[in-house]
Every structure is written in structure tokens, then in C-alpha cells.
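The values are calculated or read from the model by the stated rules, or taken from the named source; none is laboratory data. The model shown is predicted, which means the values in this text are computed figures rather than measured ones. Backbone-built Cβ (ideal geometry, glycine too); neighbour counts: all protein chains shown.
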């Protein structure tokens, strides 16, 4: 993070209908299974090219699980391969699946994301993510298997606190009963993370806070002084880096600015080579964020 | 549903360390990929045996996505194969992943669950579920891609309203600002489902309401008169069928009682053959539920 002088997270939400041309190859097969496999392989090539182009300006990739799992088993294979490519390039892997379920099932998600699963033939390895996003609606007993598995694995669990979509206000901002629900979620994140502080003083339990609503950021940072904040919504969703300073107040590594389409689809706005455009967009965001965080 | 005289959903949360003996075969390989593949194949055999045993008393299976995806790509393959087995046995398939994300990503989840994904080689088919669970914390704009995809596919979108774990009270029951948050979620379900009513008068937008908190069920049913309610928490979590009558007030098909461990692990309590125990437990639950719903 500090070595890379970057707080930028490269979001990979691969859309098979909008892959970089370099990812495409060969004629279309007729068999549905082959179509899925070939599509998933093209997704990996697209992600590899995006990582090679934009990765040097970034500290992590954020893999949007929905975009992989819509390709079925080959998609899940592509997810694992993309994570390997990211690691080869020295990037951390954030699995963005926003999982959340009752405790027994939360344990299974933890196994999938940062653990192993015991079975009759030996352990099956999960994705090995460095961090993952989680949905806190089910409460602390449902989050606990995720946060403790993250702590054991040396990984981060990033809970949704205030998402960046317009409709988030309907629930996350409702007074509950006096202060907004997202403040209650922030307190939950802080409580769950108190016992798992790293050398930097930051906790393994973090939060997702939309960058498009900067007015609540300072208050949420006060409620979660030890949390790493994953900040989506810069770029395509209208947020700006300049408003994010409170995220970095505890530590330069306490905020992660994640951008997906504004990097990977930069060539659609600017024209030109996808890789060169992505590299430039990522570097621009890196420098702007580093300046705010420093 | 009515032909089968059953409202029972067979929950499949396969734990590779606790599969039925009939599912196991062969020695353990050394290669991690082979271990994952062999484990996933054993999971499918386990699920097939459970479906053959308990399926005749049930109307649907509920596949716990976490338990499959912890086995990686082979696990996702096992998920698809288990869904096929359920369909072969005339059962509906409920994909229980509790997904929820910002609108663009929610569309990708909809593709994974009930749609197809366009790509360079042709469409890739998703899981083809008959219904799926969804997490509503991100609000109505994030749910809309899921509910409309469900309506288009003739499938159901079942939103979490009141889950059955103890910690759910911390958030779902907080006054927001006057009435509990779960009532607000229930209103959201009702609004989102108004335009997608089937022949039975029931909507394609339903809700997950824990059966272990029957005191709120009648009130929630009033708020969601057209919703199909998926009712977890009977059996292992302490709920009883007798308290579920309000779920069925609009229609015998308006409530689905889902039980996982109390069916599949019945032999651990009673001793004896797993299949015979599962069949008996499912039939007992079917008869008890049918009596309450009729």
C-alpha cells in the first residue's frame, strides 16, 4: 500500500458483451457448455489485460462475484484464475459478494472466501481473498463467523454501512429510532472489529461507505476510527476524491478508493487503446487519492 | 404444490464432512483440484439421495449457495447438477443466496439466477431457478432488477424481511422510527410485487420470514397480502408449524415451510438409515403443514 503509494482498487466487473478486443478469439461453438467455458476464458484474458494495464497504479483488485458467477462453474473458475493473476501482479484481492446469512451459513461463506472446507477426501481450498464485502442486515451473530474467519486468515471483512446507490437512502438512512440506520451499522462494525487490530492500528473489520455521499463520511469515520473504508462511487457514480479526506485520517491505508468502469471502460469515453486509457485513468486516480490521503 | 399436497421445502445445505455414507466412494486423491472435484461429486450424490428420499413429500428444494460455492468451480457445477436432479423429480428450485447489490450488479445476479448473459459467443445460461432469496438492505432501486427479472422469468424473488437468527433483532426489529425495520421491509416487498400477480393472486415478489418468531407473522401477512412467504426456522431452530397459519391465509400456496437439517440429518437423532429417516421426517412435516394450511 504505502510502497505502491496507492489507495486505488481496480474494480473488475467483467461484462462478457463488452470485453476488450484483445480478449476475444476464435469462432463461436454450438454447445452451451463450450460457450460458457469460452466466454469465461475470454473474461480471464480481459481481466488479465486490465490488471497488466491499470494494476501498477493500484493496490488491490475488487472482483465483483456476480459478474463471474453468472457464467456458472466456468465463471467461478475464471474468478479463481483472475485472483491468481492479481496476486502474480502483487495486488491484494477483494472478493465483492456482499454475502450475509444466518450463522451456520455465514461459516460456509467464510470457508468459500478465506478458508477451507473439510471433507471426506481432505480440505478444499476457498478463494483465498485478502478481504471480502459482507451484508450486515442479519445482525452481529451472523457477521461474527465472517469477522472471526477474516481475523484468523489475516484478511478483512468489509461490511456495508452506506452504499452508493440512490435507493440506499430508503433503508440505510431511516431514523432508527433517532439516528440513521447506517450509524447503527457503523457502530456494529466498530464493535466487531475492536479485538482484531493490526500493526497499523487498523482493524480486520472494515466498512463499505459510498463515496457519492461525502456529507456523512466524517461522522462515520468518527464512529469507526479503526476501520478500513472501502469507498465505491468515485467516477461513474459521481463522487470525487477531494471529499474523501476523512477516510484517511487514521492512516494512509485506512481508505481504499475503488473504481471499476471509470478505469476499465475509460477508452469508451476517451477513444483509443483500452489498455493505455485504463493505465492513464488508474494513474490519475492514484495520484489524486495519494494527494488527498497524504 | 396443490397436486403434491405439500408446502414443504427440502433445504439442502450439504456439509462435505457429514455426507450420507452412500455418497462416499474411492480413495482420497493428492491433487487439490481432484479433491475439490471428488468432493463436489460426492455432494451431488448426497443431494440426489436426499431428494429421492424426502422429495416425494416436498414441493421444492432450497439450495444453500454458500455450501456449494465453498467448493469453488466444482461446487458451482454441483449446484447446477443438484438443481437438475431436483427438476427431474418434479421439484421447484429455490436458490438461497441472499444476494443484493447496487442496480448494475443486481442485474448480474439476476442473470446468474434466472436469466442469461450475452457474450461474444452467444448467451450463457444461468441457474434457471424457480425462485431465489434476496437481501433488501440496498433499497428498492437495487431490488428492482431482481424483481423484474423474476417476473420476466416467471420466477419468484423472496426478500429477507425477518430472518430467524437471534441477532436479527438488532437491526430488523429496531424502531425505524416508530415501527420495526422489518415492517418497512415488508412494505417494500408489497410495493415491489404489486404489478406481478399470478393466476393465484400471489405475487412474484415474496418474503423470507423466520418461523421462530411467530408473534410477528400475522402482522407481516397483513402488510404483504400477496406475497409468498418462505418460512425457515421450523425444526432445528425451534419454530413449530402450528403457529404458521397466517402465512397460508391468502392461499394454500402462500407459505413454504423450509427445513434442512431436521430432514437431512434426521438419522443423527433417530438412528437408522439416513434415507428412511429423511423420508419420514419430510412426510411428517408435510402432513403437519398441510393440516395447518388447509
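Just to be sure, is residue A:239 surrounded by fewer than 24 Cβ atoms within 10 Å (Cβ to Cβ), touching a strand residue (DSSP E or B) at 6+ places or on another chain (Cβ under 7 Å), in contact (Cβ under 8 Å) with a residue 12 or more places away in the chain and under 25 Å from residue A:51 (Cα atoms)?
Here the answer is no, as residue A:239 does not meet what is asked.
When you go through B:87, B:45, B:70 one by one, which is the residue that is in the same structural domain as residue B:287 (by TED's automatic domain parsing) and out of contact with any strand residue (DSSP E or B) (no Cβ under 8 Å at 6 or more places or on another chain)? Spell out how you get there, then give the answer.
On the way: B:87 fails: out of contact with any strand residue (DSSP E or B) (no Cβ under 8 Å at 6 or more places or on another chain); B:70 fails: out of contact with any strand residue (DSSP E or B) (no Cβ under 8 Å at 6 or more places or on another chain).
On inspection, the qualifying residue turns out to be B:45.
Evaluate the following for residue A:62: is it in contact with a strand residue (DSSP E or B) (Cβ under 7 Å, 6 or more places away or on another chain), assigned to a strand (DSSP E or B), more than 29 Å from residue A:272 (Cβ to Cβ) and within 14 Å of another protein chain (Cβ to nearest Cβ)?
Against the criterion (in contact with a strand residue (DSSP E or B) (Cβ under 7 Å, 6 or more places away or on another chain), assigned to a strand (DSSP E or B), more than 29 Å from residue A:272 (Cβ to Cβ) and within 14 Å of another protein chain (Cβ to nearest Cβ)), residue A:62 does not qualify.
Looking only at residues in the range A:130-146 that are surrounded by fewer than 24 Cβ atoms within 10 Å (Cβ to Cβ) and touching a helix residue (DSSP H, G or I) at 6+ places or on another chain (Cβ under 8 Å), which one is farthest from residue B:171 (Cα to Cα)? Give the steps one after another, and end with the answer.
Narrowing the range A:130-146 to residues surrounded by fewer than 24 Cβ atoms within 10 Å (Cβ to Cβ): A:130, A:139-141, A:144-145.
Of the ones still in play, those that are also touching a helix residue (DSSP H, G or I) at 6+ places or on another chain (Cβ under 8 Å) are A:139-141, A:144-145.
Details: A:139: 6, A:140: 9, A:141: 11, A:144: 15, A:145: 17 Å.
So, considering only residues that are surrounded by fewer than 24 Cβ atoms within 10 Å (Cβ to Cβ) and touching a helix residue (DSSP H, G or I) at 6+ places or on another chain (Cβ under 8 Å), the one farthest from residue B:171 (Cα to Cα) is A:145.
Output the residues belonging to the range A:43-59 that are assigned to a helix (DSSP H, G or I) and either surrounded by fewer than 24 Cβ atoms within 10 Å (Cβ to Cβ) or out of contact with any helix residue (DSSP H, G or I) (no Cβ under 6 Å at 6 or more places or on another chain) (or both). I'd like the intermediate steps shown before the answer.
Filtering the range A:43-59 down to residues assigned to a helix (DSSP H, G or I) leaves A:43-57.
Residues satisfying the conditions are A:44, A:45, A:48, A:49, A:51, A:52, A:55, A:56.
Just to be sure I understand, how many residues within the range B:244-277 are free of Cβ contacts under 8 Å to residues at least 60 places away in the same chain and closer than 14 Å to residue B:7 by Cβ?
Matching residues across the range B:244-277 total 8.
Out of all the residues in the range B:172-209, which are modelled with pLDDT under 90, at the interface with chain A (Cβ under 9 Å from one of its Cβ atoms) and touching a strand residue (DSSP E or B) at 6+ places or on another chain (Cβ under 8 Å)?
Result: B:172, B:174, B:176, B:177.
Within the range B:85-94, how many residues turn out to be assigned to a helix (DSSP H, G or I) and within 24 Å of residue B:157 (Cβ to Cβ)?
Matching residues across the range B:85-94 total 3.
Could you tell me which of the residues B:82, B:39 is assigned to a helix (DSSP H, G or I) and touching a residue at least 60 places away in the same chain (Cβ under 8 Å)?
B:82 is the lone residue from the list that is assigned to a helix (DSSP H, G or I) and touching a residue at least 60 places away in the same chain (Cβ under 8 Å).
Looking at A:271, A:294, can you tell me which residue is on the phi > 0 side of the Ramachandran plot and out of contact with any strand residue (DSSP E or B) (no Cβ under 7 Å at 6 or more places or on another chain)?
A:271
With respect to residue B:58, determine if the residue is within 19 Å of residue B:158 (Cβ to Cβ) and either in the same structural domain as residue B:6 (by TED's automatic domain parsing) or in contact (Cβ under 8 Å) with a residue 60 or more places away in the chain (or both).
Yes: the conditions hold for residue B:58.
Please pick out the residue among B:82, B:39 that is surrounded by 21 or more Cβ atoms within 10 Å (Cβ to Cβ) and under 15 Å from the mean Cα position of the chain (by Cα).
B:82
Going by the structure shown, is residue B:122 surrounded by fewer than 22 Cβ atoms within 10 Å (Cβ to Cβ) and out of contact with any strand residue (DSSP E or B) (no Cβ under 6 Å at 6 or more places or on another chain)?
In short, yes.
Do you know which residues across the range A:65-79 are farther than 14 Å from residue A:39 by Cβ and in contact with a helix residue (DSSP H, G or I) (Cβ under 6 Å, 6 or more places away or on another chain)?
A:66
Any chance the range B:160-171 includes a residue that's in a helix (DSSP H, G or I), within 8 Å of chain A (Cβ to nearest Cβ), closer than 18 Å to residue B:223 by Cα and more than 19 Å from the chain's Cα centre (by Cα)?
Checked the range B:160-171: no residue is in a helix (DSSP H, G or I), within 8 Å of chain A (Cβ to nearest Cβ), closer than 18 Å to residue B:223 by Cα and more than 19 Å from the chain's Cα centre (by Cα).
Could you go through the range A:17-33 and let me know if any residue there is under 21 Å from the mean Cα position of the chain (by Cα), surrounded by fewer than 24 Cβ atoms within 10 Å (Cβ to Cβ) and touching a residue at least 24 places away in the same chain (Cβ under 8 Å).
Scanning the range A:17-33, I find at least one residue that is under 21 Å from the mean Cα position of the chain (by Cα), surrounded by fewer than 24 Cβ atoms within 10 Å (Cβ to Cβ) and touching a residue at least 24 places away in the same chain (Cβ under 8 Å), so the answer is yes.
Looking only at residues that are in a loop (DSSP other than H, G, I, E, B) and within 7 Å of chain A (Cβ to nearest Cβ) in the range B:100-124, which one is farthest from residue A:105 (Cα to Cα)? Quick ask: steps written out before the conclusion?
So the first thing to find is which residues in the range B:100-124 are in a loop (DSSP other than H, G, I, E, B), and the list is B:100-102, B:115, B:118-119, B:121, B:123.
From the residues that got through so far, the ones that are within 7 Å of chain A (Cβ to nearest Cβ) too are B:100-102, B:118-119, B:121.
On the way: B:100: 16, B:101: 19, B:102: 23, B:118: 31, B:119: 32, B:121: 35 Å.
Per the criteria, the residue is B:121.
Quick one: would you say residue B:151 is more than 9 Å from every other protein chain (Cβ to nearest Cβ), touching a strand residue (DSSP E or B) at 6+ places or on another chain (Cβ under 9 Å), surrounded by fewer than 22 Cβ atoms within 10 Å (Cβ to Cβ) and within 17 Å of residue B:94 (Cα to Cα)? Before the answer, list the steps.
On the way: more than 9 Å from every other protein chain (Cβ to nearest Cβ): yes; touching a strand residue (DSSP E or B) at 6+ places or on another chain (Cβ under 9 Å): yes; surrounded by fewer than 22 Cβ atoms within 10 Å (Cβ to Cβ): yes; within 17 Å of residue B:94 (Cα to Cα): yes.
When the stated conditions are applied, residue B:151 passes them.
Mind checking whether some residue in the range B:67-77 is on the phi < 0 side of the Ramachandran plot, crowded, with 24+ Cβ neighbours inside 10 Å, more than 9 Å from chain A (Cβ to nearest Cβ) and free of Cβ contacts under 8 Å to residues at least 40 places away in the same chain?
No: the range B:67-77 contains no residue that is on the phi < 0 side of the Ramachandran plot, crowded, with 24+ Cβ neighbours inside 10 Å, more than 9 Å from chain A (Cβ to nearest Cβ) and free of Cβ contacts under 8 Å to residues at least 40 places away in the same chain.
Could you tell me which of the residues B:146, B:127 is assigned to a loop (DSSP other than H, G, I, E, B) and either facing another protein chain (nearest Cβ under 7 Å) or at pLDDT 90 or above (or both)?
B:127
Determine which member of the set A:97, A:11 is touching a strand residue (DSSP E or B) at 6+ places or on another chain (Cβ under 9 Å), free of Cβ contacts under 8 Å to residues at least 60 places away in the same chain and either within 18 Å of residue A:285 (Cβ to Cβ) or in a strand (DSSP E or B) (or both).
A:97 is the lone residue from the list that is touching a strand residue (DSSP E or B) at 6+ places or on another chain (Cβ under 9 Å), free of Cβ contacts under 8 Å to residues at least 60 places away in the same chain and either within 18 Å of residue A:285 (Cβ to Cβ) or in a strand (DSSP E or B) (or both).
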